[in-house]
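Some notes on the structure that comes next.
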Amino acid sequence: MKSKNLLLISKVLNETGDWFYYFVIVLIVFSVSHDPIYLGLLSASYTLPNLIFSNLISNISSKFNSKKLIIFTEMLRFILLVLMFLATNVVLLLLLVFSEQMLAIASDLNYQNLVVNVVKGKTALKLFNKNTNTWSSVARLLVIPTYTILTKIISNREVLLLDAVLTIVSGILILPISYIRNLQKEHKAPHIEKKKTFTFNKSICLILLVGVLNLVIGFSDSYAISYINLNNNKLGIGYSVFVFLMTLAEFVASILSKKFDDVIEKDFTGKVLSLCSLIIFVFLVAASLFHNVAFFIFSMAASRMIYMWIKLFSLYSYQDRNKDHIMDYVALQNVVMGCFLVFNSSIGSILIKLSNIYIYMIFISLLIFTTTLIFKSLYKRTN
């Protein structure tokens, strides 16, 4: 089997396990303690590692072989997931979640470093990203019905063991991959030692845009249930439809991502990217003014699809333009996205409490509009 096929299968299995994990870990923490503060700490355990440790993990990873690091981190994640299965103390459980998230970051950064060395050529990279995200979206669509069937046989804690198995299998699949060298490894000779610097370029502009647009995704994931509850008396049905359509939007975005990449790659001034960002702005403003659940769900699904196109193009851009520093750019994107997610969960919740959810949507819209103008101005001036 070709190395890139093994990479794809490994990633899809890993992310499938992650979907099960994210779904059940909330239920497990809640079953151990009903105190809402622990659910807040659980959310922080996902966000803070990206915000605080991404660059540090990138620096450490650059000194080692990415293939070996992926296998090592997946083994450690397997152990942590087994320990979560056994843990009965909520504090210990949260510490394990925090540690697992740090290892997941290391695994993902090194995976991207492996991709740019194994998958050669612009077209091949676009197809690889498209196929990986398409199959991951299919897996995500199947997680909830599969979980419903599984929980008739096994407990939520035992679902964690399924994630552990998928994680270790994804690591084993990396073993046969032929790997020449670590693209981001530090040279030993002092006169050619790499400096940790970022040149202001199109990739940095994309990181800024992706970070701000991720606010919309964070908003929909965190507060959509509140919007639906305010405007519909059938919360359960409305939210179920919302979750399904968000996943479907990501699936459709993945299928069409290569065509989007081909168009954007020729757009050196950022006109198309800016237009896409402004469309999200319009959808968000409209949803804040017209309090209709069906339109809100459509707006969030369309916005998520556009966001996924931009995010996948950004990944391709780092892979193509900055392949020798791929981990640095992905780590920086993690930090920027983490900052906006922390803003969404902290300042966002305060703004909603002091005013209402519609005012917060307008606030996000204005932030997106302002950032789009800045992005358009900077993108056309950079290389």
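Brief remarks on what is shown
- Extension gain, residue 26 back to residue 175 (0.36 nm per residue minus Cα-Cα distance, nm): 50.4 nm
- Footprinting exposure proxy ranking of 380, 120, fewest other C-beta atoms within 10 angstrom first, gives 120, 380.
- Evaluating 6.51 cos²θ - 1.76 cosθ + 1.60 at θ = phi - 60° for every residue in segment 220-234, the Karplus couplings come out as 5, 5, 8, 10, 4, 4, 5, 4, 5, 5, 6, 10, 8, 8, 10 Hz, glycine and proline recorded as x.
- Here the gap between residue 9 and residue 230, fully extended at 0.36 nm per residue and compared with their Cα-Cα distance, gives a gain of 75.4 nm.
- In sequence order, calculated HN-Hα J values of segment 370-380 (Karplus, 6.51, -1.76, 1.60; Hz; x Gly/Pro): 5, 5, 4, 4, 5, 4, 4, 5, 7, 4, 6
- Neighbour-count ranking [beta-carbon atoms within 10 angstrom, fewest first] of 304, 140, 321, 381: 381, 321, 140, 304
- About its Cα centre, the chain has a charge dipole of approximately 1220 debye under the convention of +1 per Lys or Arg Cβ and -1 per Asp or Glu Cβ, with nothing else charged.
- Sites residue 221 and residue 201, calculated FRET efficiency, Cβ-Cβ separation with R0 45 Å, nearest 0.05: 0.90
- Highest average packing first - 97-110, 341-354, Cβ atoms within 10 Å: 97-110, 341-354
- R0 of 41 Å, Cβ-Cβ distance residue 157-residue 269: FRET efficiency to nearest 0.05: 0.20
- For segment 74-104, backbone nitrogen atoms closer than 17 Å to the point 7 Å from residue 243 Cα along Cα-to-C-beta are found at no residue.
- Cα-Cα over 24 Å, subset of 259/380; 122/202; 4/202: 4/202
- Since only 45, 114, 12 are under comparison, the one whose Cα sits farthest along the positive direction of the charge dipole of the chain, derived from C-beta charges on Lys, Arg, Asp and Glu, is 114.
- Here's the list of lysines a cross-link from residue 234 could span, going by alpha-carbon distance under 27 Å and ignoring same-chain residues fewer than 8 apart: 152, 353.
- Here the Karplus relation 6.51 cos²θ - 1.76 cosθ + 1.60, evaluated at θ = phi - 60°, turns the backbone of segment 135-143 into coupling constants of 5, 5, 5, 4, 4, 5, 4, 8, 4 Hz, with x for every Gly and Pro.
- Ordered by the count of other Cβ atoms within 10 Å of each Cβ, fewest first, 306, 60, 37 give 37, 60, 306.
- Added length on full extension, which subtracts the Cα-Cα distance from 0.36 nm per residue, residue 362 to residue 339: 6.3 nm
- Looking at segment 19-90, the trypsin sites (Lys or Arg not before Pro) that sit in a DSSP loop and have at most 13 other Cβ atoms within 10 Å of their own Cβ are 63.
- Residues of segment 339-370 falling in the label zone of residue 295, defined by backbone nitrogen less than 14 Å from a point 7 Å along Cα to beta-carbon, are absent.
Just so you know, all these numbers are worked out from the coordinates, no wet-lab data involved. All of these numbers come straight from a predicted model, not from anything done at the bench. Please note: Cβ atoms are built from the backbone with ideal geometry, for glycine as well, and neighbour counts cover all protein chains shown.
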